Amino acid sequence: MQYSGVADILGGTKVLGRKLRTRMDFIELGGAGVTKDAAGHLARYLSLSLSGMAKLLPVTDRTLQRYSARKRLSPAVSEQVLQLAEVVARGTGVFGGRENFLSWLSLPSAALGGKKPIDLLSSRFGAEMVTDELGRISHGIPS
């Protein structure tokens, strides 16, 4: 996994306040909390509004809207943001670019029970299913 790709999707070191080099960096950042600004960068990358982003996170839209850009999100929300960014970085790599990945995210997938991948990303288990499917796609394994 290219951790720099995850950092870029979240706004880079300027927004995160650190580089992401190892899994331990993810654990530490998740515990400290990513900022609303980082979640906003992820939302823009996914072409979602902040309200759309809130549907993928364990936080209400209203709460997310009230936060300032520098407000740190709770560890649970931060870990979900980091996991989503990881899935997005992986998918962008598998599909060779953002637009192709975003198209795939919005199409129902037989391998995912006929669900759109984007609809599964609000759950840790769903995000793992999407990641597994990306792995199969990258290795040319039929689903």
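The values are calculated or read from the model by the stated rules, or taken from the named source; none is laboratory data. The shown structure was predicted, so the numbers you read here are calculated from the model rather than taken from an experiment. With ideal geometry, Cβ positions are generated from the backbone for all residues, glycine too; neighbour counts draw on all protein chains shown.
Could you tell me whether any residue of the range 18-26 is assigned to a helix (DSSP H, G or I), crowded, with 16+ Cβ neighbours inside 10 Å and not aliphatic (A, V, I, L, M)?
Of the range 18-26, the ones assigned to a helix (DSSP H, G or I) are 23-26.
Now narrow it down to the ones that are crowded, with 16+ Cβ neighbours inside 10 Å: 25-26.
Then keep just the ones that are not aliphatic (A, V, I, L, M); that gives 25-26.
The answer is yes; a qualifying residue exists.
Picking from residues in the range 100-130 that are in a loop (DSSP other than H, G, I, E, B) and in contact with a strand residue (DSSP E or B) (Cβ under 8 Å, 6 or more places away or on another chain), the one that is nearest to Ser49 (Cα to Cα) is Lys116. None of Arg70, Arg44 is surrounded by 13 or more Cβ atoms within 10 Å (Cβ to Cβ) and of a type in the set (Lys, Arg) except Arg44.
Among Val87, Val81, Val77, which is closer than 15 Å to Ser122 by Cβ, out of contact with any helix residue (DSSP H, G or I) (no Cβ under 6 Å at 6 or more places or on another chain) and either at pLDDT below 95 or not small (Gly, Ala, Ser) (or both)? Step through it out loud before you land on a result.
Working: Val87 fails: out of contact with any helix residue (DSSP H, G or I) (no Cβ under 6 Å at 6 or more places or on another chain); Val81 fails: out of contact with any helix residue (DSSP H, G or I) (no Cβ under 6 Å at 6 or more places or on another chain).
Result: Val77 is the single residue among Val87, Val81, Val77 that is closer than 15 Å to Ser122 by Cβ, out of contact with any helix residue (DSSP H, G or I) (no Cβ under 6 Å at 6 or more places or on another chain) and either at pLDDT below 95 or not small (Gly, Ala, Ser) (or both).
Scanning the range 40-81 for residues that are closer than 19 Å to Pro117 by Cβ, part of a loop (DSSP other than H, G, I, E, B) and basic (Lys, Arg) gives a single hit, Lys55.
Go over the candidates Gly52, Gly93, Gly11 one by one and state the one that is surrounded by 14 or more Cβ atoms within 10 Å (Cβ to Cβ), of a type outside the set (Phe, Trp, Tyr), under 24 Å from Asp132 (Cα atoms) and modelled with pLDDT of 95 or more. Don't jump to the end; show me each part of the working.
Values: Gly52 fails: surrounded by 14 or more Cβ atoms within 10 Å (Cβ to Cβ); Gly11 fails: under 24 Å from Asp132 (Cα atoms).
The conditions single out Gly93.
Return yes or no: is Ser138 of a type in the set (Ser, Thr, Tyr) and touching a residue at least 40 places away in the same chain (Cβ under 8 Å)?
On the way: of a type in the set (Ser, Thr, Tyr): yes; touching a residue at least 40 places away in the same chain (Cβ under 8 Å): yes.
When the stated conditions are applied, Ser138 passes them.
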